[in-house]
Amino acid sequence: MPNMKIESPNTQDSTPIVFSAEMITEIKSVIAMFPEGREKSAIIRILHIVQTHYGWTSVPAMNAVADILNIQPIEVYEVASFYTMFHLNPVGNYVFEVCRTGPCMIVGSDDIIAYIEEKLNVKVGGTTADGMFTLKTAECLGACGYAPVLQCKYKFHEHLTKEKVDEIIEAYRTASLVN
Amino acid sequence: MAGRKLLIENVHIPGIETYDVYRKNGGYASVEKALKKMTPEEVVEEVKKSGLRGRGGAGFPTGMKWSFLAKPEGVPRYLVCNADESEPGTFKDRYLMEKIPHLLIEGMITSSYALGANVSYIYIRGEFMYILHILEKAIAEARANGMLGKNIMGSGYDLELVVAPGGGAYICGEETALLESLEGKRGNPRMKPPFPAVKGLWGCPTVVNNVETIAAVVPIVNNGGEEYAKIGIERSTGTKLISASGNLVRPGVYELEMGVSVEEFIYGDDYCRGIANGKLLKACIPGGSSVPILPAHLVTKTANGDNRLMTYESLADGGFASGSMLGSGGFIVFDEDQCIVRNTYTFARFYAHESCGQCSPCREGTGWMEKVLHRLENGHGTMEDITLLEEINKKIEGNTICPLGDAAAWPVAAAIRHFREEFEWHVTHPAEAQIRNYGLIQPRVEEIKAL
């Protein structure tokens, strides 16, 4: 079984990134939540902001975070690579993270994962050819009573069935057409 | 009859997530009472009298934890709420925060006052980002109504509340890993001592409490610690939120008075209403994935034949030989069709995935157990593998900085202790094990009593 945490930062593109004015404002407001000299505490939330904007967490984006926090880039890499929510390599527009730990497993998460693999024609860890969906597995999402469960863009999809998976995929496809 | 509810009684009132409705239904009374009529020491005293024990899993007396907080002059103190709910089987804090966020905010204010904290933090797991927004909205409402900020209710007491997300890491539920993460670092647990009560967040005295623990301070201050302690049995006082999952007719979050019988909880109309699809109970993990699994015959009765109750003491009756733990209240139920080897494998994989990698016994041991269980589950195991698992277990347990090592070892040890014949069957019938499950096991009460 691959350990997702071993994912290394992607070094293919080192073109520097400049955050938009809106992002800078949002990031500054997070930094302001912590006492002077403790700005580094804002790092995880900033990474969430960055990933929400770009879809994944690239090295240039992490370098820009280091600049804002006035810390070494390695201090950002080591944090981003520790926490499983940060995708250190490009992913599809919609990342399905399907829980597969005990409570989800005993009510059928294995079947749900297999069904999504078949439906999207990808393996766990893969991205669809059109770049729309990435399928990942997750360890316990804290929704055991509403299992099986997947999360996509911070939204929980619960009580999954094959029909429900169809609906979710369809809804995201439609949403992406609208956008 | 369902017992009293002290925390989630009002969740079904429309609009209870807003300040106005919450306040109209008696909300923020504990803040008013504490700040206007009580000294911080008196609040701590009530919590001590209540017998409240930490609801995150360890069950340490909250009042005692509070009284350990160092109070050096001129050094800030912090209260940090642990909302990193990640223990498989546990989803009660999410429910509480989503449905009745002001209860947590109220508990944070009252508790921060008791501890003398002027800035407090709620650390919430990153996957619950939508709840972070719910909490921030509740905080903004509380502030707009004078419950946060400077000079709250004219008492002269100041408090700021900040919510900070994690990024996906079970280990950050361990309090020192949580503090590291809150400081913007990797979630590697710290050596103890010094304990957070002396050196916590940014080296300052800190109390870390679970969401439900902090919420329970509200009824304790409102009604008095003695009233709270009247509910429950022995040293299990008050009410407990239980997250019920698995093969149940009605899984979900329940608040129950400590002391309800396990049988009533699984089969009662007020609770889970029995096993789904008319199946039989095979096993139960009563307190989150880290606590020992119990086979059916030890779920509703102890090895001595007493009724098993939903209390810290009763669930632990028999020690690890025939008991388990209340833990976080993550109550996972397995029906007769479930494969214990497969379930144990998913938990081993979980712990291997979530080990921070700091201590060798845990880093190497959890990955090793995952591999051994993977081959047992897939029909490539040997009898020696079962012994090997037991040996790896002993080498992890007690040999790590934080309890994740123990948490990874216990479920495997317990599964082998109670379901050894099912593990052996996977070795002796590898092909059959791929197409069907073992089914129920035979009770071995006499053998277990002798352990």
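Of note:
- In the range A:9-47, the residues that are part of a loop (DSSP other than H, G, I, E, B), closer than 26 Å to B:Ala140 by Cβ and among the acidic types (Asp, Glu): A:Glu36
- Any hit, the range A:48-64, residues being part of a strand (DSSP E or B) and either touching a residue at least 24 places away in the same chain (Cβ under 8 Å) or surrounded by fewer than 17 Cβ atoms within 10 Å (Cβ to Cβ) (or both): no
- Under the condition of being of a type in the set (Ser, Thr, Tyr) and away from every other protein chain (no Cβ under 11 Å), the residues counted in the range B:86-133 number 5.
- Test: residue in the range A:126-138 that is more than 10 Å from chain B (Cβ to nearest Cβ), touching a residue at least 60 places away in the same chain (Cβ under 8 Å), under 23 Å from B:Ser86 (Cα atoms) and part of a strand (DSSP E or B): yes
- Pairs, first free of Cβ contacts under 8 Å to residues at least 12 places away in the same chain in the range B:127-150, second part of a helix (DSSP H, G or I), C-beta under 6 Å, six or more apart: B:Gly149/B:Arg143
- Some residue of the range B:395-411 being assigned to a helix (DSSP H, G or I), outside the structural domain of B:Leu294 (by TED's automatic domain parsing) and without any contact (Cβ under 8 Å) to a residue 40 or more places away in the chain: yes
- Residue in the range B:305-320 that is in the same structural domain as B:Arg417 (by TED's automatic domain parsing) and in contact (Cβ under 8 Å) with a residue 60 or more places away in the chain present: no
- Taking residues in the range A:85-111 that are more than 9 Å from chain B (Cβ to nearest Cβ) and more than 13 Å from A:Glu7 (Cβ to Cβ), and partners anywhere that are among the aromatic types (Phe, Trp, Tyr) and surrounded by fewer than 19 Cβ atoms within 10 Å (Cβ to Cβ), the pairs with Cβ atoms closer than 6 Å and at least 6 places apart or on different chains are A:Tyr94/A:Tyr172.
- Residues in the range B:46-90 that are on the phi > 0 side of the Ramachandran plot and in contact with a Pro (Cβ under 8 Å, 6 or more places away or on another chain): B:Gly51, B:Gly89.
Here's the yes/no breakdown for (1) in contact with a helix residue (DSSP H, G or I) (Cβ under 7 Å, 6 or more places away or on another chain); (2) over 19 Å from B:Lys282 (Cα atoms):
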site: B:Val299; (1), (2): yes, no
site: B:Asp317; (1), (2): no, yes
site: B:Ala321; (1), (2): yes, no
site: B:Phe331; (1), (2): no, no
site: B:Phe347; (1), (2): yes, no
site: B:Leu373; (1), (2): yes, yes
site: B:Asn378; (1), (2): no, yes
site: B:Glu390; (1), (2): yes, yes
site: B:Ala413; (1), (2): yes, no
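- In the range B:312-327, the condition of being within 14 Å of another protein chain (Cβ to nearest Cβ) and either surrounded by fewer than 21 Cβ atoms within 10 Å (Cβ to Cβ) or at pLDDT 95 or above (or both) is met by at least one residue.
- Output for the range A:144-174, where each listed residue is farther than 23 Å from A:Gln51 by Cα and either touching a Cys at 6+ places or on another chain (Cβ under 8 Å) or not charged (D, E, K, R) (or both): A:Cys144, A:Gly145, A:Tyr146, A:Ala147, A:Pro148, A:His159, A:Leu160, A:Thr161, A:Val165
The values are calculated or read from the model by the stated rules, or taken from the named source; none is laboratory data. Since the structure is predicted, the reported quantities are computational estimates derived from the model, not experimental observations. FYI the Cβ positions are ideal-geometry reconstructions off the backbone, even for glycines, and counts take in every protein chain you see.
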